[in-house]
Structure formats: structure tokens, C-alpha cells
Amino acid sequence: MPPLRRLGLDLSPAFIALLTLSGGLVYCDLVSGGKYPWSVEAAFQLGMRFSLLWWVWSDAVRRGYALMPVWGTFMVLDTGSTSLVYLFASRRWWGLVTCVLYAVAFTMVSWLVASLV
């Protein structure tokens, strides 16, 4: 698969939702001075779980990667680790490139939100 096609698959609407949630938490953290209410943290955790689940399932469909039925259970129990396992299982060495791309995107969103507040 050509690299531009791979990058296009990596930047999905589910990933944009993850970036938006991250930016929202950074904003709440900066505005409240690190003392945001528990409801913000709960909404963030629930939103991240939902968005990561959406990302894995939509990515598997777009890439044609067959998920085992147990993936849903793993995503509910431990979303973060299961997402990383899926990332490297579905992409092999390109998973490292995707991790770097995502880390840069999350850092840029944090800097952008911090500069606007």
C-alpha cells in the first residue's frame, strides 16, 4: 500500500475525535488551573474509550483486518493497551510511524490550545 494511502487511512474521523477530546481536556486543565471537576475527567475517560473503540473498529473495516470476537471484550477491559496491540498487529512496522504521527498530532493540539488560552 502506498505511504500516502496509509497516512490517509491513519487520519480518520475517529482520530479527529480523539484529538478533539484531548484538546478539550487540555483546555479544561489550563482554565481551571488543574482543578477541573470529576465530571470532566469521567466524560474524558468515557469519550476516549468510545473513540478508541470506534477507531479500532472503523480502521479494521477500512483496512480489511479481521478482528477476533474477543477484541470487543479486550477494548472494554483495557482500551489503551488493546489499541496499541491492534495498531502493531494490523500495521507491523508501519505502526511505529503511525505512533510518531499521532504523538506529533497530540502535541501540536496541546500547544495550539495552550497558545490560545
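Points worth noting:
- The GNM of the chain, with springs linking C-alpha atoms under 10 angstrom apart, assigns the highest mean-square fluctuation among 64, 80, 95 to 64.
- At 1.306 mPa s and 10 °C, Stokes diffusion of the chain via Kirkwood alpha-carbon radius, µm² per second: 104
- Whether the range 64-114 is rounded, prolate or oblate, judged on the alpha carbon gyration tensor where a/c under 1.5 counts as rounded: oblate
- Dipole check for the range 22-117: with +1 at the C-beta of Lys and Arg, -1 at the C-beta of Asp and Glu, and the Cα centre as origin, the magnitude is about 280 Debye.
- Derived scalar couplings between HN and Hα for the range 23-28 equal x, x, 5, 4, 4, 4 Hz in order, rounded to whole Hz, by the Karplus curve 6.51 cos²θ - 1.76 cosθ + 1.60 (θ = phi - 60°), x for Gly and Pro.
- Per residue solvent-accessible surface (Å²) - the chain, probe of 1.4 Å: 62
- Listed residue (67, 42, 30) projecting farthest to the positive dipole end of the chain, Cβ model: 67
- Label separation (residue 65 vs residue 89): 0.9 nm, computed from points 7 Å beyond Cα along the C-beta direction.
- Angle between the chain longest axis and helix 94-116 axis [Cα atoms, degrees, rounded to 10]: 20
- Loop trypsin sites (Lys or Arg not before Pro), the range 1-95, which have at most 16 other Cβ atoms in a 10 Å radius of their Cβ (DSSP): 35, 92
The values are calculated or read from the model by the stated rules, or taken from the named source; none is laboratory data. All values reported here derive from a predicted model rather than from experimental measurement. We place every Cβ from the backbone using ideal geometry, glycine too, and count neighbours over all the protein chains shown. All accessible areas refer to the heavy atoms of the entire protein, side chains included, with ligands and DNA or RNA removed. Shrake-Rupley method; radii C 1.70, N 1.55, O 1.52, S 1.80 Å.
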